[in-house]
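The values are calculated or read from the model by the stated rules, or taken from the named source; none is laboratory data. This one's a predicted model, so the numbers in the text were calculated from it and none came from an experiment. Cβ sites come from the backbone with ideal geometry, for glycine too, and all protein chains shown count toward neighbours.
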Amino acid sequence: MSKAKGATSMRRLVGLFNTSLSSAANPPAAAAVVNSSKPIADPLKFKKLADRFKKSSESRRFRNYSKKVYSETVQRLASAKQFSLIDDILQHQKKYEDISQEGFVIRLMLLYGKAGMFEHAHKLFDEMPELNCQRTVNSLNALLSAYIHSKKFDGVGKLLEELTEKIGIEPNLVSYNTVIKAYCEMGSMDSAVSVIDTLEKKGLEPDIITFNTLLDGFFSRGQIADGEEIWGLMEKKNVVPDVRTYNTKLRGLVHERKISEAVEFWEEMKSKGIKPDIHSYNALITGYCNAGNLEQVMKWYGELRESFLPDRVTYVTVLPFLRKKNEFEMASEICKEAMDRRMLSGGAALVDELVKESRIEEAIQFVESGLSRSALRLKFP
């Protein structure tokens with residue numbers, strides 16, 4: 001491409017980008033409807049959001065059938081670090097008779113947990129007798145989960161021990177599985193395995209969740225031999241592995257760059273009647289991306305598409321690999337698809353690579369495709 005033509009193409013690309021930004025800043029009236037998925041920047045609007053939520057809470061139907069709205073509202077406020085408003089709308093729920101129902105309180109504790117407000121969840125648990133709400137092992141487990149969601153892993157085991165003695169609620173298998181999860185997240189694998197002895201002393205038997213949690217803890221850290229021992233114990237206990245169990249080992253083998261062993265294990269998985277899911281395919285695609293094997297990446301990507309639609313993990317794994325391999329045409333098509341399906345926010349990285357490679361016309365074609373251009377953040381030389 002001549003310098004003059006290149007400069008003209010670059011100006012055209014910049015012009016397209018600026019036009020798209022202008023259009024995004026001045027949308028037509030039909031597009032001006034409030035989109036609940038968009039973040040609110042003005043603190044005053046967060047307050048108005050909380051006030052509207054509290055007003056809606058006056059409806060029993062809203063309280064009983066709008067669990068998704070509860071979750072999304074708390075998530076939006078948490079993303080903006082509006083923790084006082086989260087406490088405001090959840091404390092507001094205490095004025096309704098639902099607060100005497102354990103299931104309703106559990107929902108509130110889990111919402112606190114997902115916002116990282118484990119102390120507030122604990123306070124609500126402590127207040128349950130005052131709220132005329134009976135505490136059972138279910139609310140105890142919800143509190144443990146709130147600690148997990150808040151990433152307060154080091155407090156889970158101690159909390160279970162303290163509350164068991166303090167309020168006399170006997171933990172169940174869910175309780176111990178949650179403690180195992182916390183230890184695995186901390187990397188305290190010896191402590192995690194020791195919980196199996198504890199629950200068996202209580203007359204409980206580990207289930208598939210117990211083993212899947214332990215296997216994920218070992219395999220994700222590359223401790224393949226230790227994971228194999230747990231797998232053997234699982235079989236000894238007559239616990240039948242499921243697709244998640246197999247996926248955990250697949251990811252472990254891929255993590256250790258043992259792709260040939262992962263493929264052999266895939267075949268073993270199928271021979272035992274376990275149907276691979278999208279996570280199984282993503283594991284092998286990741287393995288071949290790590291190995292730099294374009295042919296195998298596209299082979300497994302093609303096989304995935306025969307049974308599933310790619311998910312976000314698929315796209316964020318394949319697209320950078322294709323750009324690295326200079327497979328821009330293929331990357332462009334997959335990126336357009338991902339953006340059409342709202343699985344990715346933009347194609348800035350792809351356009352940047354095309355510009356770096358002086359493939360300006362291809363960059364122009366991509367931007368002209370009309371896909372979320374306002375989401376692109378281009379870096380022009």
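Checking the conditions here, which among Leu85, Leu77, Leu49 is closer than 22 Å to Leu131 by Cα, hydrophobic (A, V, I, L, M, F, W, C) and in contact (Cβ under 8 Å) with a residue 12 or more places away in the chain?
Leu85
Give region 238-247 a look and list any residue that's crowded, with 16+ Cβ neighbours inside 10 Å and more than 20 Å from Val263 (Cβ to Cβ), or say none.
Val239 - this is the single residue of region 238-247 that is crowded, with 16+ Cβ neighbours inside 10 Å and more than 20 Å from Val263 (Cβ to Cβ).
For region 263-274, indicate whether the set of residues that are under 23 Å from Phe219 (Cα atoms), small (Gly, Ala, Ser) and surrounded by fewer than 17 Cβ atoms within 10 Å (Cβ to Cβ) is non-empty.
yes
Take region 165-178 and flag every residue that is in a helix (DSSP H, G or I) and among the hydrophobic types (A, V, I, L, M, F, W, C).
Within region 165-178, Ile167, Leu173, Val174 meet the criteria.
Can you tell me how many residues in region 64-75 are modelled with pLDDT of 95 or more and crowded, with 16+ Cβ neighbours inside 10 Å?
3
Return yes when Phe211 is surrounded by 15 or more Cβ atoms within 10 Å (Cβ to Cβ), among the aromatic types (Phe, Trp, Tyr) and in contact with a Lys or Arg (Cβ under 7 Å, 6 or more places away or on another chain) and no when it is not.
Considered against the rule, which asks whether it is surrounded by 15 or more Cβ atoms within 10 Å (Cβ to Cβ), among the aromatic types (Phe, Trp, Tyr) and in contact with a Lys or Arg (Cβ under 7 Å, 6 or more places away or on another chain), Phe211 comes out as no.
Select from region 301-328 the residues that are more than 23 Å from the chain's Cα centre (by Cα) and hydrophobic (A, V, I, L, M, F, W, C) and write down the one among them that is farthest from Asn247 (Cα to Cα).
Step by step, filter region 301-328, then rank; the result is Phe328.
Can you tell which of Gln134, Gln93 is at pLDDT 95 or above, at negative phi, assigned to a loop (DSSP other than H, G, I, E, B) and in the same structural domain as Ser57 (by TED's automatic domain parsing)?
Gln134
What number goes with the only condition from (1) of a type in the set (S, T, N, Q); (2) over 23 Å from the mean Cα position of the chain (by Cα); (3) farther than 26 Å from Lys151 by Cβ that Gln91 does not pass?
The failed condition is (3).
Looking only at residues in region 322-332 that are surrounded by fewer than 22 Cβ atoms within 10 Å (Cβ to Cβ) and not charged (D, E, K, R), which one is nearest to Asn293 (Cα to Cα)? Walk me through how you get there before you give the answer.
So in region 322-332, the residues surrounded by fewer than 22 Cβ atoms within 10 Å (Cβ to Cβ) come out as 323-330.
Within this subset, residues satisfying the condition of being not charged (D, E, K, R) are 326, 328, 330.
On the way: Asn326: 13, Phe328: 16, Met330: 15 Å.
Among those residues, the one meeting the criterion is Asn326.
Okay, residues lined up against (1) surrounded by fewer than 19 Cβ atoms within 10 Å (Cβ to Cβ); (2) within 24 Å of the chain's Cα centre (by Cα); (3) assigned to a helix (DSSP H, G or I); (4) in the same structural domain as Glu127 (by TED's automatic domain parsing):
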| site | (1), (2), (3), (4) |
| --- | --- |
| Leu163 | no, no, yes, yes |
| Leu199 | no, no, yes, no |
| Glu205 | yes, no, no, no |
| Gly217 | no, yes, yes, no |
| Arg221 | yes, yes, no, no |
| Glu229 | yes, no, yes, no |
| Leu250 | no, yes, yes, no |
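Here is a check on your reading of the model: is Ser194 assigned to a helix (DSSP H, G or I) and under 17 Å from Phe118 (Cα atoms)?
no
Can you give me the number of residues within region 232-243 that are over 10 Å from Phe211 (Cβ atoms) and outside any loop (DSSP other than H, G, I, E, B)?
Total satisfying the criteria: 3.
Residues of region 299-315 being under 16 Å from Leu284 (Cβ atoms) and exposed (fewer than 14 other Cβ atoms within 10 Å of the Cβ), which ones?
Gly302, Arg305, Glu306, Ser307 - these are the residues of region 299-315 that are under 16 Å from Leu284 (Cβ atoms) and exposed (fewer than 14 other Cβ atoms within 10 Å of the Cβ).
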